[in-house]
Amino acid sequence: MKSKSLRSYHSKFCRNWCSNTRYYRIQLYFQTAFPFWLFTNNARNSSIKVLRILKDKDGWLFFGTNKGLFRFDGITFKKIICRDTLLEETISALFQSGDGQLWVGFHNGSIARYANKKFFLFKPEEGLPKVSITGFEETKSGTIWIATNGEGVYCISKNHLYNINMDDGLNDNFVHDIHKATNPNSILASSDQG
């Protein structure tokens, strides 16, 4: 399809979409043949910034934004409402664990889970980080690892939260991302120090 006809098609699609969407408008922008989408909230006339995107195992698209968590089913966007009160809705990390749960990290250090169509805060006895969550990972044993922007890494084992930081030998407390290592029960952490 030629670029001009592609733009024409998507422009027509956007007009139809916007007229049928009650709360959120999506505009498509083009750079080459691939569409770029922009959330805008018509009700409040304020911009929603997409900070994280995750496609889950069932094919749903989840968007972590500065206004909370949204799910896109291919036709409509739906805001996922948390059962607990959120002090801040800015999402800084999204991850799906092997059991299908969606883990959501927030800029203020809060952590939530989305499972069985329920969105709720994770509340370990040990408390939560006080800094931004930057990433999640899961090892083969089922341990969830959490990277933070200033408190090192945390791991969740049997609903308890354990912190590993520079006092424990970590080379930096500002961990930007984590991934599984070749060893199935190890993780790799990236920081300013390597």
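The values are calculated or read from the model by the stated rules, or taken from the named source; none is laboratory data. In this text, all values refer to a predicted model and were calculated from it rather than measured experimentally. Neighbour counts run over all protein chains shown; Cβ positions are idealised from the backbone, glycine included. We work out accessible area using only protein heavy atoms, side chains counted, and drop any ligands, DNA or RNA first. Shrake-Rupley method; radii C 1.70, N 1.55, O 1.52, S 1.80 Å.
Would region 141-153 turn up any residue that is of a type in the set (D, E), outside any loop (DSSP other than H, G, I, E, B) and within 16 Å of I178 (Cβ to Cβ)?
First, pick out the residues of region 141-153 that are of a type in the set (D, E): 151.
If we keep only those that are outside any loop (DSSP other than H, G, I, E, B) too, we end up with none.
No; the residues of region 141-153 include none that is of a type in the set (D, E), outside any loop (DSSP other than H, G, I, E, B) and within 16 Å of I178 (Cβ to Cβ).
For E151, which of the numbered conditions (1) over 20 Å from R52 (Cα atoms); (2) of a type in the set (D, E); (3) open to solvent by 20 Å² or more (accessible area, probe 1.4 Å); (4) modelled with pLDDT under 95 fails to hold?
Status for E151: all satisfied but (4).
Just wondering, is there one or more residues in region 106-117 that are open to solvent by less than 70 Å² (accessible area, probe 1.4 Å), of a type in the set (V, I, T) and under 23 Å from R71 (Cα atoms)?
Here is the first cut: in region 106-117, the residues open to solvent by less than 70 Å² (accessible area, probe 1.4 Å) are 106, 108-115.
So of that shortlist, the ones also of a type in the set (V, I, T) come out as 111.
Those left that are additionally under 23 Å from R71 (Cα atoms): 111.
Yes, there is a match, as at least one residue in region 106-117 is open to solvent by less than 70 Å² (accessible area, probe 1.4 Å), of a type in the set (V, I, T) and under 23 Å from R71 (Cα atoms).
For F95, only one of the following conditions fails: (1) surrounded by fewer than 12 Cβ atoms within 10 Å (Cβ to Cβ); (2) modelled with pLDDT of 95 or more. What is its number?
(1)
Note down all Cβ pairs under 7 Å where the first residue falls in region 88-100 and is closer than 14 Å to H179 by Cα, the second is assigned to a loop (DSSP other than H, G, I, E, B) and open to solvent by less than 30 Å² (accessible area, probe 1.4 Å), and they're at least six residues apart or on different chains.
Going by the 7 Å Cβ cut-off, the qualifying pairs are Q96/D56.
Hey, among the residues in region 154-178 that are part of a strand (DSSP E or B) and of a type in the set (A, V, I, L, M), which one's most open to solvent (accessible area, probe 1.4 Å)? Please lay out each step first, then the result.
First, the residues of region 154-178 that are part of a strand (DSSP E or B): 154-157, 160-164, 174-178.
Narrowing the set further to residues that are of a type in the set (A, V, I, L, M) leaves 156, 161, 164, 175, 178.
Values: I156: 13, L161: 12, I164: 55, V175: 3, I178: 2 Å².
The qualifying residue most open to solvent (accessible area, probe 1.4 Å) is I164.
Going by the structure shown, is K79 farther than 26 Å from N149 by Cα, among the basic types (K, R) and in contact with a Leu (Cβ under 8 Å, 6 or more places away or on another chain)? Step through it out loud before you land on a result.
Numbers: farther than 26 Å from N149 by Cα: yes; among the basic types (K, R): yes; in contact with a Leu (Cβ under 8 Å, 6 or more places away or on another chain): yes.
Criteria met by K79.
Could you give me the residue pairs with C-beta distances under 6 Å whose first residue belongs to region 172-187 and is more than 11 Å from T139 (Cα to Cα), whose second residue is open to solvent by 80 Å² or more (accessible area, probe 1.4 Å) wherever it lies, and which are 6+ apart or on separate chains?
Final answer for the pair search is D172/D192; D172/Q193; N173/M166; F174/D192.
Could you check V131 against (1) out of contact with any helix residue (DSSP H, G or I) (no Cβ under 9 Å at 6 or more places or on another chain); (2) under 28 Å from D192 (Cβ atoms); (3) buried (at least 21 other Cβ atoms within 10 Å of the Cβ) and say which number it fails?
The number of the failed condition is (3).
Taking region 118-128 on its own, how many of its residues are open to solvent by less than 10 Å² (accessible area, probe 1.4 Å) and part of a strand (DSSP E or B)?
Within region 118-128, the subset open to solvent by less than 10 Å² (accessible area, probe 1.4 Å) is 119, 122.
Subset that is part of a strand (DSSP E or B): 119.
Counting residues in region 118-128 that are open to solvent by less than 10 Å² (accessible area, probe 1.4 Å) and part of a strand (DSSP E or B) gives 1.
Given the structure, is K78 modelled with pLDDT under 55, over 19 Å from G135 (Cβ atoms) and open to solvent by 100 Å² or more (accessible area, probe 1.4 Å)? It would help to see each step written out before you state the result.
Numbers: modelled with pLDDT under 55: no; over 19 Å from G135 (Cβ atoms): yes; open to solvent by 100 Å² or more (accessible area, probe 1.4 Å): yes.
Considered against the rule, which asks whether it is modelled with pLDDT under 55, over 19 Å from G135 (Cβ atoms) and open to solvent by 100 Å² or more (accessible area, probe 1.4 Å), K78 comes out as no.
Tell me which residues, restricted to region 81-92, are within 13 Å of the chain's Cα centre (by Cα) and open to solvent by 50 Å² or more (accessible area, probe 1.4 Å).
In the first step, residues of region 81-92 are kept if they are within 13 Å of the chain's Cα centre (by Cα); the result is 89-92.
Passing the criteria: only E89.
For R83, state whether it is part of a strand (DSSP E or B), of a type in the set (D, E, K, R) and more than 22 Å from S47 (Cα to Cα). Walk me through how you get there before you give the answer.
Details: part of a strand (DSSP E or B): no; of a type in the set (D, E, K, R): yes; more than 22 Å from S47 (Cα to Cα): yes.
Considered against the rule, which asks whether it is part of a strand (DSSP E or B), of a type in the set (D, E, K, R) and more than 22 Å from S47 (Cα to Cα), R83 comes out as no.
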